[in-house]
Amino acid sequence: MSNPSAATSLADRGQAPTADVGDLIDAVCDDLITAASETGRTTAVSACVPALYADRIRPGGRLDTWYQDPSLTVTDTHTGQRTPLGLLTGYTATVNDTAFLLDMPAAINAARSALHPDAQWTCAITQGDPTEPNIAASAAGACWLDFEHAGRNTLAGEIANLLWYLLALGGWLVPTYQPDVYRRTLPLHLPQVATPSIEHAELSTRHRRLDLYHRWPTGPGRHTALPRLLARVTTDLGTAVGLPTGRQLHALSPFLTLRILGVIPPQLLTPNDLLLLMAKLAHAQHLTDRTPFTHTEPLSDLLTVEYP
């Protein structure tokens with residue numbers, strides 16, 4: 001039995017076949033489809049396990065505590081003025097030449113409305129936290145670990161959780177800001193091989209604009225896992241969990257907002273990493289099925305590192 005964090009990291013280093021990573025993603029998707037078939041039903045958010053979403057989005061919860069903190073600021077490139085991040089309302093974020101609306105309060109309010117206790121979502125009995133340390137590969141398919149959040153969960157939330165972990169948390173944010181998570185949970189915890197980077201950033205509070213050019217490289221393991229998951233979301237998995245045809249990614253937006261904002265305390269982030277998350281938040285506010293939100297670049301000049 002192998003763990004996907006190790007499998008993905010090894011594949012990123014050219015030390016494990018990427019096909020194994022793709023097969024494991026398929027196994028996870030198959031399990032979610034089975035859960036939808038056997039235990040799925042439309043129910044209120046209040047009937048679901050609350051820890052990963054409801055507790056964080058409630059008024060006065062984690063997102064309010066973190067993002068209404070006036071000491072959490074971004075700096076105007078031209079004036080040096082420091083502006084509280086929570087005041088980024090109605091900004092135009094031009095990310096890699098594509099313009100989006102960036103509105104932090106609106107994103108939080110939209111997620112809060114979509115995940116109101118009475119809001120109806122397709123839910124099923126699942127493990128509840130499908131992140132890489134919690135899933136291992138076995139001969140029978142996916143082997144689920146850590147049942148702290150097991151119970152009735154929103155299936156769209158499960159997908160969003162895994163998608164953001166593959167895109168950002170597992171290969172970048174967790175090993176950078178919460179390395180103890182991997183040291184505690186993984187026998188083989190390898191440093192990341194690829195980190196998103198900003199080539200140019202310009203913030204104007206006067207013009208309410210953020211111009212950002214960034215690169216989002218991924219190693220071969222994640223470059224295999226992400227499109228495999230997206231292919232299933234836009235076909236059989238999306239259908240099984242009730243995502244609207246042609247708007248599957250859009251339906252994940254409130255859950256992605258919570259994953260982007262509600263996992264790593266923003267006060268820990270470097271200024272550039274905070275701007276990268278703001279770029280992804282702008283993407284998440286305007287998700288389509290052909291979206292830059294999930295675009296990554298294959299990592300070039302990969303170095304093979306030998307491990308015992």
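The values are calculated or read from the model by the stated rules, or taken from the named source; none is laboratory data. Computed from a predicted structure; not experimentally measured. Using ideal geometry, Cβ is built from the backbone for each residue, glycine included, and neighbour counts are taken over all protein chains shown. Please note that ligands, DNA and RNA were not included when accessible areas were found on the heavy atoms of the full protein model with its side chains. Shrake-Rupley method; radii C 1.70, N 1.55, O 1.52, S 1.80 Å.
Multiplying the sequence separation of H295 and D180 by 0.36 nm and subtracting their Cα-Cα distance, what value in nm do you get?
On the way: separation 115, 0.36 × 115 = 41.40 nm, distance 2.82 nm.
In short, 38.6 nm is gained.
What part of the accessible area of the chain, given as a whole %, is carbon or sulfur when the probe is 1.4 angstrom?
Values: 7070 of 13110 Å².
In the chain, the share of accessible area belonging to carbon and sulfur is 54 percent.
Show W172, W144 ordered by accessible area, largest first, where the area counts protein heavy atoms only and the probe is 1.4 Å. Please list the in-between numbers first.
Numbers: W172 5, W144 50 Å².
These residues rank, largest area first, as W144, W172.
Determine the shape class of the chain: with a ≥ b ≥ c the square roots of the Cα gyration tensor eigenvalues, call it rounded for a/c under 1.5, and otherwise prolate if a/b is greater than b/c, oblate otherwise. Since a/c reaches 1.5 but b/c is at least a/b, the shape of the chain is classed as oblate.
The residues of the chain present an accessible area of 43 Å² per residue when probed at 1.4 Å with all protein chains retained. Among the protein heavy atoms, those of Y213 account for about 80 Å² of accessible surface (1.4 Å probe, every chain in place).
At R0 = 22 Å, how high is the FRET efficiency between D76 and T98 if r is their beta carbon distance? Nearest 0.05 is fine.
Working: r = 22 Å, r/R0 = 1.02.
So, using R0 = 22 Å, E works out to roughly 0.45.
Hey, what did the chain get for relative contact order, percent, Cα under 8 Å, at least 6 apart? Can you show the working numbers first?
Values: 550 pairs, mean separation 81.6, N = 308.
This gives 26 percent for the chain.
Hey, how many Å between the Cα centroid of the stretch 225-243 and the Cα centroid of the stretch 84-158? Taking the Cα centre of each part, the stretch 225-243 and the stretch 84-158 sit 15 Å apart. A 1.4 Å probe over all protein chains sorts E297, E38 by accessible area into E38, E297, starting with the largest.
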